[in-house]
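This report refers to the structure that appears directly beneath it.
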Amino acid sequence: MAVQFPPVALFDLDGTLLDSAPDMLATANRMLAARGRPPLALAQLRQHVSKGARAMIGASFPELDAAAREALVPEFLAVYREELGRHGRLFDGVDALLEALEGAGTRWGIVTNKPEYLAREVVAGLGWGQRCAVLVGGDTFPEKKPHPMPLLEAARRLGTEPARCVYVGDDERDVVAARGAGMPSIAALWGYRLDGEDPAAWRADVLAARPRELLDPARWPRVRAAA
C-alpha cells in the first residue's frame, strides 16, 4: 500500500507557513521611531517572532520590566494590524505543500497563538478562507499552546481523533502541545528559534529542514488507522 499523507494536517502560522518577521519588524520600528529611538535590524527581532508580542516588545525595549512591556501589548497589536501582510511572505515551498495536501484529500488547518482576529485577517489576505478547514487562535479557547486544548478542539471541530492529525510547528511549545494532545508532530526547522535552542531536544516525531521535504508523504509521521 502506498504511503499517504495524514487525513488532517494542522500548522502553526508564524514561522511555519508564513515568514511574518518583516511585518513584525515594521511594527517594532514604528514603535521605536515614535519614541525617537533607532530601528532594529531584522536579525535582532527574527528569532523572537514565534515567542509572541511580549517577546518582541522585550527585544525592542530591553530596559522595560514585565509590567511596562505588558502595557505596550495593545499598541503593538494595533500597529501590527496596520502592517499585517505588507512585508511578509510564505516560506518557499508552502504553496506547493498545501496544494499537494489538498490534491491528496488531506484537510489542513491552522492552530496559532496569534489572536484569532489577526489570524483570520492573515488567512483572508492569503486567499485561504475557503481552503483552511479550521482556524484556532491564541484567544479562541481559555488555554493556548503549549496547552493541548487548542489542538484537541481543532480536531473536535473537524470531527476527527487527535491521533489522526499531524501538527507542524517551529517552536517547542508546538511540540509540547501536540504531545499533550496525543498528536504526532513535525518540527519546522526553517522557522524562528532563539540562539541555543535545540529542536532535537523537543522530541518531535520528525524534523524537517524545508517545507519541500514534506511534499514526500513518507516524511510525515504515521497516524493511527481509522477505527
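Conditions tested, residue by residue: (1) free of Cβ contacts under 8 Å to residues at least 12 places away in the same chain; (2) assigned to a helix (DSSP H, G or I).
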site	(1), (2)
Asp95	yes, yes
Glu99	yes, yes
Leu118	no, yes
Asp139	no, no
Pro146	no, no
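Would a scan of region 181-194 turn up a residue that is at pLDDT 95 or above, farther than 16 Å from Pro221 by Cα, part of a loop (DSSP other than H, G, I, E, B) and out of contact with any helix residue (DSSP H, G or I) (no Cβ under 9 Å at 6 or more places or on another chain)?
No - not one qualifying residue is present in region 181-194.
Out of the residues in region 113-156 that are under 25 Å from His48 (Cβ atoms) and of a type in the set (Gly, Ala, Ser), which is surrounded by the most Cβ atoms within 10 Å (Cβ to Cβ)?
Top of the filtered list is Ala119.
I need the full set of residues from region 62-93 which are small (Gly, Ala, Ser) and either in contact (Cβ under 8 Å) with a residue 60 or more places away in the chain or open to solvent by less than 20 Å² (accessible area, probe 1.4 Å) (or both), in order please.
Gly85, Gly88, Gly93
For region 210-221, check the following and say yes or no: at least one residue is more than 12 Å from the chain's Cα centre (by Cα), among the hydrophobic types (A, V, I, L, M, F, W, C) and surrounded by fewer than 17 Cβ atoms within 10 Å (Cβ to Cβ).
Among the residues of region 210-221, at least one is more than 12 Å from the chain's Cα centre (by Cα), among the hydrophobic types (A, V, I, L, M, F, W, C) and surrounded by fewer than 17 Cβ atoms within 10 Å (Cβ to Cβ), which makes the answer yes.
Of the residues Ala34, Ala43, Ala59, Ala28, which single one is more than 19 Å from Trp190 (Cβ to Cβ), surrounded by fewer than 16 Cβ atoms within 10 Å (Cβ to Cβ) and over 16 Å from the mean Cα position of the chain (by Cα)?
After ruling out the rest, the residue left standing is Ala34.
Which numbered condition in (1) of a type in the set (S, T, N, Q); (2) surrounded by fewer than 20 Cβ atoms within 10 Å (Cβ to Cβ); (3) outside any helix (DSSP H, G or I) is the only one that Thr16 fails?
Condition (2) is where Thr16 drops out.
Can you name every residue in region 157-177 that is in contact with a strand residue (DSSP E or B) (Cβ under 8 Å, 6 or more places away or on another chain) and open to solvent by less than 30 Å² (accessible area, probe 1.4 Å)?
Leu158, Cys165, Val166, Tyr167, Val168, Gly169, Asp170, Asp174, Val175, Ala177
How many residues, within region 1-27, are closer than 26 Å to Ala71 by Cα and without any contact (Cβ under 8 Å) to a residue 40 or more places away in the chain?
The qualifying residues number 0.
Taking Arg222 and the conditions (1) without any contact (Cβ under 8 Å) to a residue 60 or more places away in the chain; (2) in contact with a helix residue (DSSP H, G or I) (Cβ under 7 Å, 6 or more places away or on another chain); (3) closer than 15 Å to Cys165 by Cβ; (4) of a type in the set (Lys, Arg), which numbered condition does it fall short on, given that it satisfies the others?
Answer for Arg222: the failing condition is (2).
Just one of (1) modelled with pLDDT of 95 or more; (2) farther than 30 Å from Thr160 by Cβ trips up Gly103, so point out which.
Gly103 satisfies every listed condition except (2).
Exactly one condition in (1) in contact with a His (Cβ under 8 Å, 6 or more places away or on another chain); (2) farther than 28 Å from Leu215 by Cα is false for Leu40; which is it?
It fails just one condition, (1).
The values are calculated or read from the model by the stated rules, or taken from the named source; none is laboratory data. What you see is a predicted model, and the numbers here were worked out from it, not measured in a lab. Every residue, glycine among them, receives a Cβ derived from its backbone with ideal geometry; neighbour counts consider all protein chains shown. Quick note on the areas: whole protein, heavy atoms, side chains included, nothing else; ligands and nucleic acids left out. Shrake-Rupley method; radii C 1.70, N 1.55, O 1.52, S 1.80 Å.
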